[in-house]
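First comes the structure, then the notes that go with it.
Each reported figure results from applying straightforward, stated rules to the coordinates on display, with no laboratory input. Everything quoted here is computed from the prediction, not taken from an experiment.
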Amino acid sequence: AEVSGKDDEFIRRRIDFAFKILAAYGAALKPVRDSGVTFEKEFANGM
């Protein structure tokens, strides 16, 4: 299926928006990761 220019532009803007939020969360949570509290041998696969 062909995506129209208007739909394509909307999706691209939405993706850019989501990536900016993801990057902001990554930056905000860096101190948590750096603190070591997220590393536990018993729970190696995360929460």
- Asserting the computed 222 nm helical MRE of the chain (DSSP H runs at least 4 long, -39500 (n - 2.57) per run, divided by residue count, to nearest 500) equals -21000 deg cm²/dmol
- Helix 5-28 axis, angle to the chain major axis (alpha carbon atoms, nearest 10°): 20
- Please report the Cα spread of the chain along all three principal axes, rounded to whole Å, starting with the longest. 49, 22, 9
- Message: Just to check I understand the Karplus step: with θ = phi - 60° and J = 6.51 cos²θ - 1.76 cosθ + 1.60, what whole-Hz values come out for segment 35-47, glycine and proline as x?
- Response: 5, x, 5, 8, 9, 9, 3, 4, 10, 4, 8, x, 5
